[in-house]
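The values are calculated or read from the model by the stated rules, or taken from the named source; none is laboratory data. Treat the numbers as computed from the prediction; the structure is a model and nothing was measured. Cβ: placed from backbone, ideal geometry, glycine included. Neighbour counts: every protein chain shown.
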Amino acid sequence: MITACCIKWGKPFGPEYANRLYSGVRRNTTGDLRFVCVTEHPEGLHPDIEVVPLEFETFDDEMTKAHTENGWSNEMRKITLFKPGLIPNHSGRLMGFDLDVVITGDLMPIWNHAPGKVSMRHDWIEKRKGKGTGHGSVFLFDPDQHDYLYGDMAKDPRGRVIESRGNEQRYTWSRALANGDFEYLPEDMIVSFKHGCLPMWPLNYFKEPVLPEGASVVCTHGRPKTAEAVTGYPGFLHRHSRPCSWMKDHWIDRAKADLGDAFA
C-alpha cells in the first residue's frame, strides 16, 4: 500500500489542484494507493480521495506570534502532516506533496528511495549558495518513526520557528538532519519549472518550456504558478514563459481523461 498525502488549507487552491495531484499520483504508481487530503474545505474533491479534517494545533498561536514578531509571512501548517495518528489506521511511510506540483513520470523510485529516512530534494537556491536545506514540494517520512518532526515543534513552537527562520522546509530538513535521519531525493526526478524547464533569456520569449528527461515531478513554486505555466506568463525577462503544452497534457488533459471533467 502506497499512502500519499497533501494539505489544503484556506482557499488559495481549488479542489481541482488536489484532484489533479491525485490523478497524477495514481497514474504513476503501481499497486494499491491510499490518497489523503488534510483540509477544512473538502468540497469538490474526488470521492476516491480520503479526507482528514484539518484542525488547528494547540501551538498554532505561538507559531503565528513568532512569525509576526519577526516579519515572516510563511505559515507552517504542514507541520500537521507530521502528527502521529493523524491518518486513521495508517502505519509506515507517507509520501507528501505540495499542491503546486505536476506529476510527469514514474513515482516508484521516489517512493522506494532511502527507506527509514526523511527525504526531500535539495532546495535549488540553497544549493547554488553552497548550503543545505531540503525543498518541501515532495517529502517522505514515517509519522511514528520520525515523531520528533511534530513533537519538537509542539514542545517549543517559538524556538523552533525562530531557529528555522519561519521556514517549514528548513525546519523539517534541520530536525531530520539533527537526528541522523535525512537523505536527499534524486535531483533529476524532481525539477523546478522556473529553474529547470524555462529556456534561458531571451530564448524563453520564443521557445516553449522543456520537460527534462527523467523528470517525475515538476514544481511550480513562485512564478509562474501552475496555471500560468499552462497558459503562458507575461513576466519580465527571465520569468517570461510561453504556453506549455506538455504541462497542460500532464496536469489537465490526462486528469480529465482519468477523473472526468467534473473533477479536473
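Restricting region 118-150 to residues that are in a loop (DSSP other than H, G, I, E, B), charged (D, E, K, R) and touching a Gly at 6+ places or on another chain (Cβ under 9 Å) leaves a set whose member that is surrounded by the most Cβ atoms within 10 Å (Cβ to Cβ) is Asp123. Taking Lys83, is it closer than 24 Å to Trp251 by Cβ, modelled with pLDDT of 95 or more, crowded, with 16+ Cβ neighbours inside 10 Å and in the same structural domain as Leu149 (by TED's automatic domain parsing)? No; evaluated as a whole, the condition is false for this residue.
Given the structure, is Lys131 under 15 Å from Thr172 (Cβ atoms) and basic (Lys, Arg)? Spelling it out, it is not the case that Lys131 is under 15 Å from Thr172 (Cβ atoms) and basic (Lys, Arg).
For region 151-167, the set of residues classified as closer than 29 Å to Asn89 by Cβ, surrounded by fewer than 21 Cβ atoms within 10 Å (Cβ to Cβ) and touching a residue at least 60 places away in the same chain (Cβ under 8 Å) consists of Ala154 only.
Inclusion of His238 among residues that are in a helix (DSSP H, G or I) and of a type outside the set (A, V, I, L, M, F, W, C) is warranted.
Against the definition (out of contact with any strand residue (DSSP E or B) (no Cβ under 7 Å at 6 or more places or on another chain), modelled with pLDDT of 95 or more and in the same structural domain as Ser23 (by TED's automatic domain parsing)), how does Asp253 come out, yes or no? Taking the combined requirement at face value, the residue does not satisfy it. Would you confirm, using the coordinates I've provided, whether Lys11 is basic (Lys, Arg) and either surrounded by 21 or more Cβ atoms within 10 Å (Cβ to Cβ) or touching a Pro at 6+ places or on another chain (Cβ under 9 Å) (or both)? Criteria not met by Lys11. Please verify whether region 99-110 includes one or more residues that are within 17 Å of Tyr171 (Cα to Cα) and buried (at least 18 other Cβ atoms within 10 Å of the Cβ). Scanning region 99-110 turns up no residue that is within 17 Å of Tyr171 (Cα to Cα) and buried (at least 18 other Cβ atoms within 10 Å of the Cβ).
Taking Gly71 as the residue in question, decide whether it is of a type in the set (Gly, Ala, Ser) and in contact with a strand residue (DSSP E or B) (Cβ under 6 Å, 6 or more places away or on another chain). The answer is no for Gly71.
Residues in region 44-73 that are assigned to a loop (DSSP other than H, G, I, E, B), within 21 Å of the chain's Cα centre (by Cα) and surrounded by fewer than 16 Cβ atoms within 10 Å (Cβ to Cβ): 5 in all.
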